[in-house]
Amino acid sequence: MVCFDPEKGLSADCFETILQTMAEGIFIIDTSGVIRFCNKGLESMTALASPSIVGKRCRDIMMCACDSMTECSLLSGSLVNNLECQLKRADGTRLPVLKNGRAMKDPDGVIIGAVETLTDISALKQAERRNAALEEQVERESGKFSGLVGKSKPMQNVFELIDLAAASNASVLITGETGTGKELAARAIHERSPRKNGPMVKINCSALTESLLESELFGHARGAFTGAIKDKIGRFELADGGTLFLDEIGDVSPYIQVKLLRFLQEREFERVGESTSRKSDVRIITATNKDLRDLVRTGGFREDLYYRLKVFPVHLPALRERKDDIGLLIGHFIDKFNRQTGKAIAGLASDAALTLMDYCWPGNIRELENAIEHAFVTCREREIGVFDLPLEIRHVELRSTVCPPSDNSESRNGPKNGKKREITPEALSDALSKNKGSRAEAARELGIDRTTLWRHIKRFGVTDRR
C-alpha cells in the first residue's frame, strides 16, 4: 500500500491505518451525537467490537459532564481539554480516561461532527490512590489526621469512626465538650467523603435568634418580613451537593426542630414566606456539647429528631482523657505560632511541661492552644518557662478552683498514708527511692502534685534514685 503520494498526500487507506494503529481510543460523532467511527484502541478499552459501539451515542459508552448531546460543548464549537471521564466497559466496570475533543467543520466552517480521543489513565489513578494511602499512613504515624492531632487510643478510635462516617451518607452527630475539635471532625468527615468536591456550609445555631436562624437555614422570599427586600438563598440550598454542618444543635428552638425534622424525613423545605417546596441533596452533620438524650427526657429536644440526627454518633474525648496527646499538641501549636510570629521557640522547659501535664484542661484543646499563644507573647527565651504560662494554669490556688480534685492530678485524692508529710530533702529522696523513681507515685506519697514535687527536687538538688 502506497501511503503517501507527493501530489495527493495521504491516501484514505493510509489515514485509516494510522487511526487504527494509535493506542488512544478515537471515535467520531455526527451532529446528532451518534458515533460513526471508532478505532481498535477504543475497542480494546471497552472490550467491545466496533459494531457494538458504532451507532450508539457518546453518552451510551461514557460518563462525562454533559448528559445529553444537545448540551455537548463540542457540537457548539467549543473545545474539550483533558476532561476526566469514565468509559463503560463490556463487563460493567468503569475505566478512567482523559478526554480531548474538537469539532469538525466543512470548508464553509459549518460543524459536521466532532472527533474525540480517550487516554487510559487507570495506571495514574492507581498510583494516585497508592500515594494517597502512603501519605495518610505517614500522617497517621505523625499523629495527624485531616487537621486533627493525636496518637492516643481514644483518638485512634475517633479517626476510625470518621473514616466510617465519611464512607456513608448517614447523618452524623458529633458530641464532646467545648474545645475538643468538633468542627475539625466535621470537616474531616466532609473532606474524606465522596462529597469533598461539593461545598461545606456551616452555621452556629446558638448565635442567631429563631427567626434569623430560620431565614439563614431555609432562605426567604422577597417581602416575607420587614427588611426582606429580595429573595435570599438559605444554607440548605448553598450546601446542595455537599455537607451542611449545624453546630450547637442542642440550642435550636422547638419550631426549628420541626422544620429540620421535615427536611430529614422528606428532603424538602420551603423558604420563609414561600409555599413552593424545594429539594436539596445535602448531608447533615450536627454537633453539640450538651447531653441531647437528657434534653429529650426533659422535653427540650424532640426524640424523633434526636434519632434522625444520631444515625452515626461520633464522640470526641476531653483532653484530660487523652493526656498522651498533650506533648504532640504542644509541638503542633509551637510550630504554628513560630510560623505566624517569626519566632524560633524550641519547646518547653521541664517545669512548664509538668505544669501543663498536671492541669485538667476544662477548655480542652482550645484552651491549650490559647495557653501556648499566651506563652509566645511573654516568652523571651528559646524555651517556654512556667512563668510564661497563663496565671490560672501555673498558680496552684487558682488552678484548684477550676479543676475537680479527681481530675487535676494523681495526687489529689490525698497522700497514700492519709496525711501530708513535711517536704524535706530526706522526705523527697525517701519517696523517690521507695517508688523506684516514679515522680507521680512519689507525689502521691507526699500529698503534692508533680509540679510541686519537681520544684522541690530542683530546690533541694535531690537526685532521682531508680
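Among the numbered criteria (1) surrounded by fewer than 19 Cβ atoms within 10 Å (Cβ to Cβ); (2) touching a residue at least 12 places away in the same chain (Cβ under 8 Å); (3) outside any helix (DSSP H, G or I), which single criterion is violated by Ile345?
For Ile345, the exception is condition (1).
Hey, among the residues in segment 150-183 that are touching a helix residue (DSSP H, G or I) at 6+ places or on another chain (Cβ under 7 Å) and in a strand (DSSP E or B), which one's surrounded by the most Cβ atoms within 10 Å (Cβ to Cβ)?
Among them, the one singled out is Ile174.
Please go through segment 290-307 and pick out each residue that is buried (at least 17 other Cβ atoms within 10 Å of the Cβ) and not in a helix (DSSP H, G or I).
Phe301, Arg302
Which of the residues spanning segment 73-107 are farther than 15 Å from Leu118 by Cβ and among the hydrophobic types (A, V, I, L, M, F, W, C)?
Scanning segment 73-107 gives Leu75, Leu79, Ala90, Ala103, Met104.
Select from segment 269-287 the residues that are within 26 Å of the chain's Cα centre (by Cα) and loosely packed, with under 14 Cβ neighbours inside 10 Å and write down the one among them that is farthest from Ala185 (Cα to Cα).
Here the answer is Lys279.
Can you tell me which residue is nearest to Ile393 (Cα to Cα) among those in segment 422-453 that are in a helix (DSSP H, G or I) and in contact with a Ser or Thr (Cβ under 7 Å, 6 or more places away or on another chain)?
Thr451
For segment 19-133, which fully contained strands (runs of 3 or more DSSP E) count at least 2 residues that are exposed (fewer than 12 other Cβ atoms within 10 Å of the Cβ) and either free of Cβ contacts under 8 Å to residues at least 60 places away in the same chain or under 40 Å from the mean Cα position of the chain (by Cα) (or both)?
Correct list: 80-88.
Any residue in segment 169-181 that's under 18 Å from Leu244 (Cβ atoms): show its pairings with residues that are aromatic (Phe, Trp, Tyr) and surrounded by fewer than 18 Cβ atoms within 10 Å (Cβ to Cβ) at Cβ separation under 6 Å, as long as the two are six or more apart or on different chains.
Qualifying pairs under 6 Å: Ala170/Phe312; Val172/Phe312.
Any idea which residue in segment 238-255 is farthest from Glu303 (Cα to Cα), counting only those that are charged (D, E, K, R) and out of contact with any strand residue (DSSP E or B) (no Cβ under 6 Å at 6 or more places or on another chain)?
By that ranking, first place goes to Asp240.
Quick grid of which residues meet (1) modelled with pLDDT of 75 or more; (2) under 45 Å from the mean Cα position of the chain (by Cα); (3) under 30 Å from Asn364 (Cβ atoms):
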position	(1), (2), (3)
Ser406	no, yes, yes
Ser409	no, yes, yes
Lys420	no, no, no
Pro425	yes, no, no
Leu432	yes, no, no
Asn435	yes, yes, no
Glu441	yes, yes, yes
Gly461	yes, no, no
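In segment 22-36, which residues are at negative phi and touching a helix residue (DSSP H, G or I) at 6+ places or on another chain (Cβ under 8 Å)?
The answer is Met22, Ala23, Glu24, Gly25, Ile26, Phe27, Ile29, Thr31, Ser32, Ile35.
Can you tell me which condition Asp294 does not meet? The list is (1) out of contact with any helix residue (DSSP H, G or I) (no Cβ under 9 Å at 6 or more places or on another chain); (2) of a type in the set (D, E, K, R); (3) closer than 24 Å to Ala371 by Cα, and all the others hold.
The failed condition is (3).
Looking at segment 7-17, which of its residues are surrounded by 12 or more Cβ atoms within 10 Å (Cβ to Cβ) and more than 25 Å from Leu75 (Cβ to Cβ)?
Once the filter is applied, which keeps residues that are surrounded by 12 or more Cβ atoms within 10 Å (Cβ to Cβ) and more than 25 Å from Leu75 (Cβ to Cβ), segment 7-17 yields Leu10, Ser11, Cys14, Thr17.
Could you list all residues from segment 211-236 that are of a type in the set (A, V, I, L, M) and surrounded by 15 or more Cβ atoms within 10 Å (Cβ to Cβ)?
Listed by number, the residues that qualify are Leu213, Leu217, Ala221, Ala224, Ala228.
Check segment 184-191 and report whether any residue there is outside any helix (DSSP H, G or I) and surrounded by 14 or more Cβ atoms within 10 Å (Cβ to Cβ).
Checked segment 184-191: no residue is outside any helix (DSSP H, G or I) and surrounded by 14 or more Cβ atoms within 10 Å (Cβ to Cβ).
Here's the yes/no breakdown for (1) free of Cβ contacts under 8 Å to residues at least 60 places away in the same chain; (2) basic (Lys, Arg):
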{"residue": "Ile256", "(1), (2)": "yes, no"}
{"residue": "Leu260", "(1), (2)": "yes, no"}
{"residue": "Arg267", "(1), (2)": "yes, yes"}
{"residue": "Glu270", "(1), (2)": "yes, no"}
{"residue": "Thr276", "(1), (2)": "yes, no"}
{"residue": "Ser280", "(1), (2)": "yes, no"}
{"residue": "Arg283", "(1), (2)": "no, yes"}
{"residue": "Thr288", "(1), (2)": "no, no"}
{"residue": "Gly299", "(1), (2)": "yes, no"}
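Condition first: among the aliphatic types (A, V, I, L, M) and assigned to a helix (DSSP H, G or I). Now tell me which residues in segment 212-258 satisfy that.
Within segment 212-258, Leu212, Leu213, Leu217, Leu238, Ile249, Ile256, Val258 qualify.
The values are calculated or read from the model by the stated rules, or taken from the named source; none is laboratory data. Computed from a prediction, not measured in an experiment: that's the story for all the values here. For neighbour counting, all protein chains shown are included, and Cβ atoms are generated from backbone atoms with ideal geometry for every residue, glycine included.
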